[in-house]
1. Using a Förster distance of 45 angstrom, determine the FRET efficiency expected from the C-beta separation of D105 and Y265, and round it to 0.05.
2. Arranged from highest to lowest average of other beta-carbon atoms within 10 Å per residue, in what order do the peptides 95-105, 182-192 appear?
3. Give me the net charge of L192's neighbourhood, meaning all other residues with Cβ under 11 Å from the Cβ of L192; Lys, Arg count +1, Asp, Glu -1.
4. Taking 7 Å along the Cα-to-C-beta vector as the label spot, tell me the T280-K18 distance in nanometres, rounded to one decimal.
5. Could you check how much of the accessible area of the chain is carbon and sulfur, as a whole percent, using a 1.4 Å probe?
6. What does the helix-only formula give at 222 nm for the chain: each DSSP H stretch with n ≥ 4 adding -39500 (n - 2.57), the total divided by the residues, and the result rounded to the nearest 500 deg cm²/dmol?
7. How charged is the neighbourhood of P160? Take every other residue with its Cβ under 10 Å from the Cβ of P160, and add Lys/Arg as +1 and Asp/Glu as -1.
8. What FRET efficiency would be calculated for the residue pair F88, D36, taking the C-beta separation as r and a Förster radius of 22 Å, to the nearest 0.05?
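The values are calculated or read from the model by the stated rules, or taken from the named source; none is laboratory data. Source: prediction; values computed, not measured. Reconstructed Cβ throughout: ideal geometry from the backbone, glycine too, with neighbour counts over all protein chains shown. Ligands, DNA and RNA are stripped out before the accessible areas are found, and what is left, the full protein with its side chains, is counted by its heavy atoms. Shrake-Rupley method; radii C 1.70, N 1.55, O 1.52, S 1.80 Å.
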Amino acid sequence: MEIPVINFGELDGENRKKTMSLLDHACDKWGFFMVDNHGIDKELMEKVKKMINSHYEEHLKEKFYQSEMVKALSEGKTSDADWESSFFIWHKPTSNICKIPNISDELIKMMDEYVSQLHKFAERLSNLMCDNLGLSQEYITNAFSGPEGPAFGTKVAKYPECPRPELMRGLREHTDAGGIILLLQDDQVPGLEFLKDGKWVPIPPSKNNTIFVNTGDQLEILSNGRYKSAVHRVMTVKDGSRLSIATFYNPAGDAVISPALELLYPSGYRFQDYLKLYSTTKFGDKGSRFHTMKKTENGDSV
């Protein structure tokens, strides 16, 4: 299956309507897609990947291969653990990047620059999703916000070479708990897979620093099930160590999440009242009828 690719460079021209339709289709039918021409500095993205790979080699690799999980696997034993070496960086509402063990000042600077650009992209993407859902442009941002706005954080992970890939997952099957996930991934080593229509779809390494996007559980709830979160996993490989830099545009911890009222069907009405409205609007748009019936729920007159 060919994964949808959204060209953000087409959003400001004559192909905007077509591009918006493709974005809606990707969110609605897939739950994951690639974004090109996203506006994020690709040289900066290369530097971030290079420096995180170096950080892993210098500070994390030896510790990983000395772990009990690795020792157990060498004896043919498996566990519920994931074959990954990872750490999490909070960016907003407050940052913890300076507290990451052994992180260099240069990597902090590069990550801060990258995340600043990525945050603007996340807000733009959420606004476009709102347009497609028929919501006000900043609905998702407002719904996700606490006193200091939505939460923004990055899981940095390496999926090291695995001597027995048939026995271990890099990351077990799951959906993401949050809102919109923006992935900068390895350009050489595969492993990420998404479930679509009962089949696992391998996600190829990201060439030319495209951003891979998937939607999480909170966006499914907010969209009343229209934009569903997709099950995915990471497979291990015998040759090659895969890099994953996944940034989460999530609700704040105290944000109250619920389906957008605009996307809910009307409820609690008498059928005879619906038929009365239907008799005069039969050949009109059913969405307008539903909207009118929802207004009656709130005490407004038809």
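1. After rounding to 0.05, the efficiency reads 0.25.
2. Working: 95-105: 12.4, 182-192: 20.4.
The densest-packed peptide leads the list: 182-192, 95-105.
3. On the way: positive: R233, R242; negative: D186, E193.
Its environment carries a net charge of 0.
4. Each label point lies 7 Å from its Cα, and together they span 4.3 nm.
5. On the way: 7740 of 15690 Å².
Carbon-and-sulfur percentage of accessible area, whole number: 49.
6. Values: 9 runs with 100 residues, N = 302.
Calculated from helices alone, the mean residue ellipticity at 222 nm is -10000 deg cm²/dmol.
7. Working: positive: K61, K158, R242; negative: E84, E161.
For residues surrounding P160, the net value is +1.
8. On the way: r = 27 Å, r/R0 = 1.24.
After rounding, the FRET efficiency stands at 0.20.
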